[in-house]
Amino acid sequence: MHIDQIEILAKLCGEEKLSLYNIWKDIKNNINSFNLYDLKKLSQRIKIISSKNGHILIEKNDVEESLESLTQIDKIASNKINAFGNDVEWDDVIGMEESKRILIETVIWPSKYKEVYDTCPIRLGRAVILHGPSGVGKSYLIRALIKKCNLYTIIIKGPELLSKYIGSSEENVRKTFEKARQNRPSLLIFEEFDGIAPRRGHDSTGVTDRVVNQLLTEMDGVENLDGVFVIATTSRIDLIDPALLRPGRLDYKIECKYPTQNERILFLKLYIKKMGMQLINDRNCDEEELQNDLHCLGDRMINWSFGELKGALTNTYFMALRRVQIGGDTINEKGEIIKLSIDDIQKGIDESIPKRLLTSQIRDDIKKGINFKTGSRVTLA
């Protein structure tokens, strides 16, 4: 990927003007997500700056100065798919079936079957907001969507569009949407949208009010947004200006909830395997009893987010490692899999109870533990 982009940029600048080909190797990490439009724009800057500096051949400092002169939006927009590593498959997302269905119908189908959707006589929704508590999988779902749809992607993280200079914040919004239109079909993602578009009238400086007005103009204005799919995420949808949540702007509001019992059990099984561990039956019980024990663990984690489940398993992993080291075993020296028991996972859960759930009732339940002999469940309501 890097080599192709380096070669394209070198040709756009004119290879006969290069003083050192190593120039491009030194900047490869800065252009690893540039598309052809970005590379063409950068090559023009390099030529202008090289000429201004009086260089016949392009020097390294010309290239570095050109990269530094990129606008904030150029830098943000170029930090697209690679910002997430692009390593999450669609099938890796556990549960969230309704959310996935809406994203497929809103983003994937219109980009895949463009000719069919172009004949539709009515305006179809192209903007979605994912909302729900932190850690329930909003960003993870977006990572999977980025890979599945394979569109040019611009990711805006939190209030990074905001500027202390008057008018700059609105200009950043305009340039962001302009770049998305230039590269359509494209995916424009706003993370922590409540930090960009809070309710108007509560900002003493008026900056966020003007940003909200500009967002309303871009999303429901004269400029055509066909081929641009907008997705916003937030943990506090109540803080977002209501005008942005009306049909025609953010058309679909998708609530991402805490995982269900079955989703928690499935996550435990899949993540144990993903971390290179193996769940063992150390009590010589039958399969039905083992599944019942897993359900007991699931009951211990009601209203836990996926992020909190992952944290519990991470703690379990390190506890198992410590147990192995204390026992003097040589496990993993030959690439062996670390084995976990139900008791190991229970201890990991007890050490990872989220603070928001630490009520007196839950503390009592933690002390009681799970009665594995009778298979009774401890339900934390």
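Read the figures in this text as sums done on the coordinates, not as results from a lab. Quick caveat, the model's predicted, so the values are computed rather than measured. Note: ideal-geometry Cβ built from the backbone for every residue, glycine included; neighbour counts use all protein chains shown.
R0 = 30 Å: FRET efficiency of GLU65 with LEU239, Cβ-based, nearest 0.05? Let's see the in-between values first.
On the way: r = 40 Å, r/R0 = 1.35.
Rounded to the nearest 0.05, the efficiency is 0.15.
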Using θ = phi - 60° and the Karplus form 6.51 cos²θ - 1.76 cosθ + 1.60, what ³J(HN,Hα) does each residue of the stretch 236-241 get, whole Hz, x for Gly and Pro?
-> 9, 5, 5, 8, 7, 4
Using modelled amide H (1.01 Å from N, peptide plane; none on Pro or chain starts), what sits under 5 Å from the amide H of VAL228, excluding residues fewer than 5 places away?
-> SER186
Taking amide H positions as placed in the peptide plane 1.01 Å from N, state which residues far from ASP241 in sequence (5 or more) or on other chains have amide H under 5 Å from it.
-> ARG199
Given a cut-off of 31 Å, name the pairs among LYS52/LYS179; LYS257/LYS347; LYS148/LYS179; LYS47/LYS175; LYS40/LYS157; LYS47/LYS148 whose C-alpha atoms lie farther apart than that in the structure shown.
-> LYS47/LYS148
Kindly write out, for the stretch 119-124 in residue order, the coupling ³J(HN,Hα) from the Karplus curve 6.51 cos²θ - 1.76 cosθ + 1.60 (θ = phi - 60°), rounded to whole Hz, with x marking Gly and Pro.
-> 7, 5, x, 10, 6, 9
Residue-ordered couplings for the stretch 251-260, obtained by feeding phi - 60° into the Karplus form 6.51 cos²θ - 1.76 cosθ + 1.60 and rounding to whole Hz (Gly and Pro as x), are 5, 10, 9, 10, 8, 9, 9, 5, x, 6
Amide H within-cut-off set for LEU279, under 5 Å, with H built and near neighbours excluded = LEU340
